[in-house]
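Please treat every number below as a calculation from the coordinates, not as lab data. The structure presented is a predicted model; accordingly, all values stated were derived computationally and were not measured. Using ideal geometry, Cβ is built from the backbone for each residue, glycine included, and neighbour counts are taken over all protein chains shown.
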Amino acid sequence: MSDLASLSREELVALARRQDAQITVMAAQLAALMEKFEQQEAELTRLRHLVSRNSGNSSMPPSKDDDPGRTPPRKQRRAKPSGRGKGKQPGAPGTALRWRGEDELDHHEQRFPEGPCVCGVDLATAHDLGVVDRYQQHEIPLVSVTVTQYDQHAVACSCGKVHTAARPDGAGGGRVEYGPNLRAYAVYLLVVHFVPVHRVAEILTSLTGAEPSAGFVHSPLRRAARALHACDFAIRTLITLAFAVCADETPLKVGPATPAEGKKEAKGYLHVACTDLYTHFLLGDRSMKTFRQTVLADLEPGAVTVHDRYHTYDSTQLGDLDHQLCLAHVLRDLAGAAELYPDDTWPVQLADELRELIHRANQARTRGEATLPQRVKDLGMRGLRAAVRIGLAATKRIDDTRPGARKTRLLLEAFRDREDDFLRFTTDLRIPPTSNQAERDLRPSKIQENISGRLTDPDRAKDRYLIRGVLSTAVKHAVNPLTVLRGAFTGTTWLPPAARA
């Protein structure tokens, strides 16, 4: 104070001006720091939200739950003990080896002790006391490639016409080639088990003694796809006759690694339309043009599509369809909502009511009923509507910018506005409450991507998924996929039977 008191008026004014300028600069710096801090806080919140995503509260696959830093899903609440023991339940089908009768055996050997006795006498001269032990062994023969030459003769009829013997089934136009069995194994390993091309060549060499090239391993894809085209068309047609169809799509790395003009990423989308008996894939993008090429555009009016609320599924360009919104996605979103609003009970109540309705529908379906009993449905509806009302009241703040808040609000508004589309499965038990069937059919494509990476040739990628759709359908009908592939290479195309009404 003594220093300031000694200053003149002019000096005090100059000092105040300097301090005012410094305060202005510091205020600007503080404002910039605060803005940066808020940006970093928002980014940190977003990153924490992303790290907290797992298979329990989002659509992430369970394989991502073990990634470094990832928050594992919460353990599900254990249900009341059912009293059942662990392992196989009584009445469930088993696959244990059984003892075969004499007429079912392929070979029967009589085995006797060999060598000398301790007394020096050869056991070949010993007295036979009969069978004291029986043992049956199921074994496969060692596989070794065999080379067969086929000489096609020409003969002249007495009328003068010449006839030439046809080549064996599955033979191509070359002089030397691998047969249909080896081609079927190559396609099977590529398409069903996603083994990379060079490893398929190694496996076939180790198992058969043949030495196929990488070019041979890849070449049967196109031939198999052409042979199975009629089966693929039949599957598509049969799906269009179904009452309820599960649909989904997933990104797939396919084609050139450089993004096309106007695109951020070089990827396509694999679409699936399926039932519990049929599977059909389509490779394209996420545009309406691709959606109009899917099976959904050919469904009968009034058919039900089960999907994940992606907006294109609701387009009228796909026809006059009813919708069942996938409740597996909803339950995962509600798990995320419960983490965002830990002090609120409505997310848990809404999830519990949905699970109870699904459980009751499964029980009614097991009993052979066509629809859920009205009293059960009414009871569940009261609880659902109450939880939705409470949730809408709790999330009406417009200033809540936390990651996940807007998604939760949109879910509740969808429940309010599209209640019938969430609960259509309760009106007809032929409708599944989730699109899990579609997710199961699509999941292997992500496994293939993780193992083999990008599919650089879009045409061969389409061949792969045409074949995979046929083989998935065959497995659903308990038909060996290798049998289907071998038939494709020998001119015998398998066709799926029509579903019974």
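For region 327-434, the share of alpha carbon pairs falling in successive 10 Å distance bins from zero is 14, 47, 27, 10, 1 percent. Other residues within the sphere of radius under 13 Å centred on the Cβ of F422, judged by their own Cβ, net out at -3 (K and R +1, D and E -1). Site pair K264 and E102 shows an inter-label distance of 7.5 nm when each label is modelled 7 Å from Cα along Cα→Cβ. Measuring against 27 Å, Cα to Cα, the residue pairs K289/K446; K267/K396; K88/K476; K396/K446 contain K267/K396; K396/K446 as the ones spanning a longer distance.
Applied to region 351-368, the Karplus parametrisation 6.51 cos²θ - 1.76 cosθ + 1.60 on θ = phi - 60° returns per-residue 3J(HN,Hα) values of 5, 5, 5, 5, 4, 5, 5, 4, 4, 5, 5, 5, 5, 5, 5, 5, 7, x Hz, with x for Gly and Pro. Peptides 153-159, 35-41, 206-212 ranked from most to least packed give 206-212, 35-41, 153-159, packing being the mean of other C-beta atoms within 10 angstrom over each peptide's residues. Listing I451, I467, I358 from fewest to most neighbouring C-beta atoms within 10 Å gives I451, I358, I467.
Dipole of region 152-297, Cα-centred, from +1 at each Lys and Arg C-beta and -1 at each Asp and Glu C-beta, to the nearest 20 debye?
Details: 16 positive and 11 negative charges, 85 e Å.
The calculation lands at about 400 debye.
For the pair D133 and C117, the difference between a 0.36 nm per residue extended length and the Cα-Cα distance amounts to 3.7 nm. Under the criterion of Cα pairs below 8 Å and six or more residues apart, the relative contact order for region 327-434 equals 36 percent. Based on Cα contacts under 8 Å between residues 6+ apart, the chain shows a relative contact order of 18 percent. Shown in residue order for region 144-152 are the 3J(HN,Hα) couplings computed by the Karplus curve 6.51 cos²θ - 1.76 cosθ + 1.60 at θ = phi - 60°: 9, 4, 10, 10, 10, 9, 10, 9, 8 Hz (x for Gly and Pro).
The charge dipole of the chain, taken about the Cα centre with unit charges on the Cβ atoms of Lys, Arg (+1) and Asp, Glu (-1), comes to about 860 debye, rounded to the nearest 20. Compared with the direct C-alpha span, the chain from Q317 to A499 gains 62.8 nm at full extension, assuming 0.36 nm per residue. Projecting the Cα atoms of L190, A28, A156 onto the dipole axis of the chain, where Lys and Arg carry +1 and Asp and Glu carry -1 at the beta carbon, places A28 farthest toward the positive end. Using +1 at the C-beta of Lys and Arg and -1 at the C-beta of Asp and Glu, which of T395, T408, L423 has the Cα lying farthest in the positive direction of the dipole of region 327-434? Of the options given, the answer is L423.
Residue ranges 427-434, 397-404, 191-198 sort as 427-434, 191-198, 397-404 when ordered by packing (mean number of other C-beta atoms within 10 Å per residue, highest first).
Once the Cα-Cα distance is subtracted from the 0.36 nm per residue extended length, the Q89 to D343 segment shows a gain of 87.4 nm. Each Lys and Arg contributes +1 and each Asp and Glu -1, all at the Cβ; summed about the Cα centre of region 327-434, the dipole is approximately 200 debye.
What 222 nm value per residue comes from the helices of the chain, counting each DSSP H run with n ≥ 4 as -39,500 (n - 2.57) and dividing by all residues, nearest 500 deg cm²/dmol? Walk me through the numbers before you get to the answer.
On the way: 16 runs with 222 residues, N = 501.
Value at 222 nm, helices only, nearest 500: -14500 deg cm²/dmol.
Counting only DSSP beta bridges with both residues in the chain, the antiparallel share comes to about 70 percent.
Among W494, W99, the ranking by other beta carbons within 10 Å of each residue's beta carbon, starting with the fewest, stands as W99, W494.
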